[in-house]
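Q: Mind looking over this structure? Questions follow.
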Amino acid sequence: MGGYDLDRLDRNILNILQENAATPLAEIAERVHSSPATCQRRIRQLYESGVILKQVALVSPTAVGRSLSVFVAVEMASQNNQALDHFVRSLAAEPDVVCCYEISGEHDYMLLVHARDMADYHRLTRRIFTADNNVRAFKSQFVMDFNKVETKITL
């Protein structure tokens, strides 16, 4: 991304799309007091510049059978780039791992996992953490309730 300057029109469009990415172009244009063609061009530029990464639907994990949500703090044994890249690539193949953040501090990564149940989560830990010799330790924190789930960055 590196420095894309957002003007008021861009920010207004982004706020609308973050609330509902399926908002019709005509409605966006009306709400931001611009033309549909201008809004369409701006949205395309926001994609091309990397400001908008993708449009998604937020789904309730429990509504789709993922009753166990877990934050997992992972500590790596080695900071070797090749080993770290291997670990991150292995996570990409795991559909139950929905977020992976490289973090500072005591741990190296923070993951969010949505599993069907404890048995599913246990199998995942065996595949990812105990099978990978570069994982020194991991700590699981189980989500008790979802009090706020947002992806919006108000601009």
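Q: Out of the residues in segment 141-155 meeting the condition of being in contact with a strand residue (DSSP E or B) (Cβ under 6 Å, 6 or more places away or on another chain) and not polar (S, T, N, Q), tell me which one is nearest to Ile16 (Cα to Cα).
A: Val143
Q: Now, a different point. For the condition modelled with pLDDT of 95 or more and closer than 30 Å to Thr125 by Cα, what is the one hit in Val70, Val51, Val56? Walk me through how you get there before you give the answer.
A: Details: Val51 fails: closer than 30 Å to Thr125 by Cα; Val56 fails: modelled with pLDDT of 95 or more.
Only one candidate qualifies: Val70.
Q: Yes or no: segment 111-125 includes at least one residue that is open to solvent by 80 Å² or more (accessible area, probe 1.4 Å) and either polar (S, T, N, Q) or assigned by the TED database to the domain that holds Asn15 (or both).
A: Of all residues in segment 111-125, those open to solvent by 80 Å² or more (accessible area, probe 1.4 Å) come to 116, 118, 122-123.
Keeping just the survivors that are either polar (S, T, N, Q) or assigned by the TED database to the domain that holds Asn15 (or both) gives none.
No: zero hits.
Q: Would you point out the residue of segment 13-30, among those that are over 16 Å from Leu58 (Cα atoms) and free of Cβ contacts under 8 Å to residues at least 40 places away in the same chain, that is surrounded by the most Cβ atoms within 10 Å (Cβ to Cβ)?
A: If we take residues in segment 13-30 being over 16 Å from Leu58 (Cα atoms) and free of Cβ contacts under 8 Å to residues at least 40 places away in the same chain, then Ile13 is surrounded by the most Cβ atoms within 10 Å (Cβ to Cβ).
The values are calculated or read from the model by the stated rules, or taken from the named source; none is laboratory data. Since this is a predicted model, take the numbers as computed values, not measurements. Cβ: placed from backbone, ideal geometry, glycine included. Neighbour counts: every protein chain shown. Remember, those area values only see protein heavy atoms, side chains included, never the ligands or the DNA or RNA. Shrake-Rupley method; radii C 1.70, N 1.55, O 1.52, S 1.80 Å.
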